[in-house]
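Working notes for the structure below.
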Amino acid sequence: MRVMLPFLVFIFNIFIVTLNSVVCSVAICVIALFKVLLPNPKQKAKATSVANQVMWLWATINAKVLAITNRVEWDIEGGEQLKKDGWYLLISNHLSWTDIVVLCCVFKDRIPMPKFFLKQQLMYIPFLGMACWALDMPFMRRYSREYLIRHPEKRGQDLLTTRRSCEKFKYAPTTVVNYVEGTRFTSEKQRSSKVGYQHLLPPKTGGIAYTLAAMGDQFENIIDVTLAYPENTEKPFKDMLMGRMTKIVVRTKVLPVNEHVRGDYFNDKPFKRQFQQWLTSIWQDKDVLLQKIYQSK
């Protein structure tokens, strides 16, 4: 019986979360069809606003399911001055798929619904791709250094694509999310990275630099979020689906958009070094904070 209960909770959560995602994706796809017919960017932005409300509903249902099937202790601090009508860049450490659910649950009523940078390939996933397009989530096609050596004519195209994707954000308050590590944290990845972090992977400056180069003038603040699941460190997403998630820690710092992040990262080498030092300092502080969280569990 003790084995069956988590299994049944898992089946229930999978069913409800999948149903919620499918229904909301279809609703957003319908909005997308109308959006295609609208003649100007401001009207398209209104359609996106309606799609954002559907995403808010998706996040709210997920939060209810999480509350019903898990006895979670939420430990949330910081970010009291945030507002729903602001423009933000949100940076965070990345532990699992749980992070997306948690970020949406915590911030859905405090800031504009988050926009995640997505790989170009995700556009072609049925329903999901069109839903993300209707939500104005930017689809990125990044070129590797090796590819650019072979095709120098493509140099700068990824930044141009980012700027074009972010153009529409000027018409409505927006939160853009950047997982600075570029991939989910695992102990194996941490060991192979050979850096001094205990609970993080080294930050990748390129992605956040692209975002700031495209939208730096629009962002009011940078939201620095630290996530931790101190009692479910190994498989937090599976534990959440099985009703075993017990504690979620969210720490938020609101940082200014100042001279440390304003500059030409791609052509100004002194600024690039300063930018890297700024981000490294944030990541070192985050690692210390995570160590304190894990020690106090």
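Okay, here's what the table says:
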| quantity | calculated |
| --- | --- |
| Residue, modelled with the lowest pLDDT, within region 245-285, restricted to residues that are within 30 Å of Val9 (Cβ to Cβ) and hydroxyl-bearing (Ser, Thr, Tyr) | Thr246 |
| Region 235-266: number of residues that are assigned to a strand (DSSP E or B) and either closer than 25 Å to Gly86 by Cβ or open to solvent by 40 Å² or more (accessible area, probe 1.4 Å) (or both) | 9 |
| Long-range neighbours under 8 Å by Cβ, at least six apart or interchain, first residue on the phi > 0 side of the Ramachandran plot within region 175-189, second open to solvent by less than 40 Å² (accessible area, probe 1.4 Å) and in a loop (DSSP other than H, G, I, E, B) | Gly182/Leu201 |
| So Ser187, is it open to solvent by 80 Å² or more (accessible area, probe 1.4 Å), among the polar types (S, T, N, Q) and at pLDDT below 85 | no |
| Test: Ser281 is of a type in the set (S, T, N, Q), exposed (fewer than 14 other Cβ atoms within 10 Å of the Cβ) and closer than 20 Å to Leu201 by Cα | yes |
| Tally of residues being open to solvent by 40 Å² or more (accessible area, probe 1.4 Å), assigned to a helix (DSSP H, G or I) and over 17 Å from Leu103 (Cβ atoms) across region 44-82 | 6 |
| Among the residues listed as Ala27, Ala47, the single one being more than 18 Å from the chain's Cα centre (by Cα) and farther than 16 Å from Lys115 by Cβ | Ala27 |
| Some residue of region 209-221 being assigned to a helix (DSSP H, G or I), buried (at least 16 other Cβ atoms within 10 Å of the Cβ), touching a Gly at 6+ places or on another chain (Cβ under 7 Å) and at pLDDT below 85 | no |
| Any hit, region 190-202, residues being at pLDDT 85 or above, more than 17 Å from Ser281 (Cβ to Cβ) and out of contact with any Leu (no Cβ under 8 Å at 6 or more places or on another chain) | no |
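The values are calculated or read from the model by the stated rules, or taken from the named source; none is laboratory data. Not measured: the values here are computed from a predicted model. With ideal geometry, Cβ positions are generated from the backbone for all residues, glycine too; neighbour counts draw on all protein chains shown. Heavy atoms of the whole protein, side chains included, go into the accessibility calculation; ligands, DNA and RNA do not. Shrake-Rupley method; radii C 1.70, N 1.55, O 1.52, S 1.80 Å.
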